[in-house]
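The values are calculated or read from the model by the stated rules, or taken from the named source; none is laboratory data. What you are looking at is a predicted structure, and each value in this text was computed from that prediction instead of being measured. Note that each Cβ is placed from the backbone with ideal geometry, even for glycine, and that neighbours are counted across all protein chains shown. Areas reflect the complete protein model, heavy atoms only, side chains present, ligands, DNA and RNA absent. Shrake-Rupley method; radii C 1.70, N 1.55, O 1.52, S 1.80 Å.
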Amino acid sequence: MRPEPVGPVRFGVLGAVTAWNADAPLALGGPRQRAVLARLIVARRHVVPVTRLIDDLWDDPPERALGTVRTFVAALRKAVEPDRPHRAPARLLVTEGPGYALRAAPDAVDAWRFETAVTEARQAPPPDALRRLDEALAWWRGPAYADFPDEEWARTERSRLAELRALAVERRAEAALACGRAADVVPDLDAHVARHPWREDAWRLLSLALYRADRQGDALATLRRARVALADELGLDPGPGLRRLESGILAQDTALEDGREGPFLGTAATAPPRSASRLWTEAAASYDRTVEAGARARLESTVGLIRNLAVTGAGGLEAARRHRMAAVEAAEEYGDAELTARVIGAFDVPAIWTRADDFELARQIVAAAERTLVHLPHDASGAARCRLLATVAVETRGARTPRGPQAAREAERLARHLDDPALLAFALNGTYMQSFTRAGLAPQRDAIGAEIVELAARQGLVTFEVLGHLVRLQARAGLGDFLGADTHAAAATRLSERHELPLVGVFTRWYDALRHAASGDVARAETAMRGAAAHLDEAGMPGMRTGLLPLALVTLRLAHLLPPHVDLTLDWGPHRPWAEVLALAETGCDAQARAALRALPEPPPDLLYEALCCVEAEAALRVADRAGLERVRARLLPAAGQVAGAGSGVLTAGPVDMWLARVGDALA
């Protein structure tokens, strides 16, 4: 029989984790010791195995992890049960089976009390609900589990409590409106919609409060703000509740003033009057049944709209980046891993450039995808898992880590097993993004592009068909088959014009410049590159734009054995270390150039890998650095017979064989 919960110790997690008794706060020790207590509170009186505690406390557990956990538990027992006799069994922090449990009373943890208060307020008359929610909201001292913001074991509970807190703010506002205190709730609701701009009910309550406070103009202005947040930026129309409220305000419906319909509008104005208490109860129950389900559906549809924004041009691409992570965070707040997987995986926007436009956003998306993969139930669909893995593969592009290729392989395997063409196209995009682990892989990318073109054309996946043609454009150029690349450039252009995909022009302009460079027309190629860069400035693609033009101009000169003329006053972006090495070599600073060559990292695994290897080779040739020459020869050798850098579709450093010959002669 399970022991009864004990007290009188109280625990707080609505803020930093703390504990206190009737006399004073309790000393809980250092961060990991407090983490043990927090982890047990998250478990809600269930046993947490010691092995799970160890995994949660350390990424790489020390040898004495088990003993350390036991020490933490002993210290916590001493803090929370100071009067327990020596050797008497613990009654609060107990050992049971393979682990530990915290047998706290239901009202001993502020988060548990808060949940109870929000539930009870739903059934209470408005005055009682208002008092109860005021008291409960005052218990918050900051974000839940504030000292453990990045811990996986706390994430779902933090999200759940954040959603519950937002719901409590809205229920408090409804109770206050039912009590005739409209003006009092306006400041809190205004701050609430600023933090949660996608909660339509928050906008509705704020507008209704303003209207009842005799601020009709502000009420309509608030509805316009809601429309901007939901429609203009995200492509969503306001829901029926907001539309009905706007119509009611414009018509000066008396039901809005006297509250016969309460905060929720939807019943005919001629309905018989009901008590405020009954109305409050019915409204809260209706909210639970419909609004949350609708919010989830709207969240998923919002991601689809964000996805569409990303292919409409520069403004849309930038807007998609702004809103994408917010949608993921909103999904995570529900604590539903399958919902989060759908939201993350819905952003299957074809990606062709191998450097992210926003590295921090990419890191956050990958972290969210990895968290969701861990929490997906075993019976979750393979498609959800596949989309998360493909997302990891795409968003880790250009990073030298084994996780990206591993995720790409697994996503492709799952997609082929599921026999889903659209899913396979997305997975192949991840495979393409991870196909730059070394030089000379243009044939493999050509095969990937060919498969994408074939399945996308067959299934009507236009954006992926364009992706496939651009991949083949790059690959054929890298293989020196410019006639073949021309064919794919023309196909991509036709599709972009037919389906209004303006970003395709960014790549085809650069390809035109590459064609001039490959034909030997240096002056015309330079002019074309500058023109392409000017258009790129407006494309909303900083990952491609930053540092590309100066690198293209230098490699153009290197391809034709001309002095590089490195200009370090230009924005070289991530390519600056290679520019600085070449500048030192070009100006005769041999000792410094050799030192810089030794410190130079391997180029990132992306479309510009071979081009940067050639820049490094030129510097090593100029200062006769044997180690550097041997290094670049080994890196370029797998690409023998190909055109260095042309696989990017934007620039070239000339035939790889030319560089291998020059390096070989210098080494000989």
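Taking Cα pairs under 8 Å and at least six residues apart, what relative contact order does the chain come out at, in percent? Present the calculation step by step, with values, prior to reporting the outcome.
Numbers: 1034 pairs, mean separation 56.4, N = 668.
Normalised by residue count, the contact order of the chain is 8 percent.
Go through 462-475, 429-442 and give me the packing order, highest mean Cβ count within 10 Å leading.
Result, highest mean Cβ count within 10 Å first: 462-475, 429-442.
Suppose all protein chains stay in the model; what accessible area per residue would a 1.4 Å probe give for the range 394-476, in Å²?
Accessible area per residue, the range 394-476: 37 Å².
Ignoring ligands, DNA and RNA, what accessible area per residue does the range 502-551 give at 1.4 Å, in Å²?
Ligands and nucleic acids excluded, the figure is 39 Å² per residue.
Can you tell me the 0 to 90 degree angle between the C-alpha axis of helix 504-519 and the longest principal axis of the chain, rounded to 10?
The angle comes out at about 20 degrees.
Roughly how many percent of the accessible protein surface of the chain is carbon and sulfur, given a 1.4 Å probe and a whole-percent answer?
Carbon and sulfur atoms account for 52 percent of the accessible area of the chain.
For a quick check of understanding: with a 1.4 angstrom probe and all protein chains in place, what accessible area in square angstrom does His499 have, to the nearest ten?
80
So what's the angle, to the nearest 10 degrees on a 0 to 90 scale, between helix 548-559 and the longest Cα principal axis of the chain?
Value to nearest ten degrees: 20.
Using 0.36 nm per residue, how much length does the chain from Ala88 to Leu561 gain when fully extended, once their Cα-Cα distance is taken away?
Here the answer is 161.8 nm.
Below 8 Å, C-alpha to C-alpha, sequence gap of six or more: please give me the relative contact order for the range 410-528 in percent.
That works out to 15 percent.
Under a point-charge model restricted to the Cβ atoms of Lys and Arg (+1) and Asp and Glu (-1), what is the dipole moment magnitude of the chain relative to its Cα centre, in debye to the nearest 20?
Its charge dipole is roughly 1260 debye.
Show me, bin by bin at 10 Å from 0, the whole-percent P(r) of the range 365-508 based on Cα pairs.
Final binned percentages: 12, 38, 34, 13, 2.
I need the peptides 639-647, 137-145 ranked by packing, meaning the mean over residues of other C-beta atoms within 10 angstrom, with the highest value on top.
639-647, 137-145
Using Cα pairs closer than 8 Å and at least 6 residues apart in sequence, work out the relative contact order for the range 511-657, in percent.
25
Could you give the length gained by full extension between Asp537 and Ala661, i.e. 0.36 nm per residue of separation minus their alpha carbon distance, to one decimal place?
Result for the pair: 40.9 nm of gain on full extension.
At a 10 angstrom cut-off on C-beta neighbours, averaged per residue, how do the peptides 129-136, 212-219 rank from highest to lowest? Show your work: numbers first, answer last.
Working: 129-136: 20.6, 212-219: 16.1.
Output ranking for 129-136, 212-219: 129-136, 212-219.
Within 13 Å, Cβ to Cβ, of Ala407, how many net charges do the neighbouring residues add up to if Lys/Arg are +1 and Asp/Glu are -1?
+2
If one takes the longest principal axis of the Cα atoms in the chain, at what angle in degrees, from 0 to 90 and to the nearest 10, does the Cα axis of helix 522-536 lie?
Between helix and principal axis, roughly 10 degrees.
Could you report the range 59-204's accessible area per residue, 1.4 Å probe, as an integer in Å²?
Averaged over the residues of the range 59-204, the accessible area is 47 Å².
Just going by the charge dipole of the range 84-129, with Lys and Arg at +1 and Asp and Glu at -1 on Cβ, which of Pro106, Val118, Leu93 is farthest out on the positive end?
Leu93
Note down the net charge around Ala74, summing +1 for each Lys or Arg and -1 for each Asp or Glu among other residues with Cβ under 12 Å from its Cβ.
Numbers: positive: Arg70, Arg77, Lys78, Arg84; negative: Glu81.
Taking every other residue near Ala74 into account, the sum is +3.
What does the charge count around Gly547 come to, taking other residues whose C-beta lies under 10 Å from its C-beta (Lys +1, Arg +1, Asp -1, Glu -1)?
That works out to +2.
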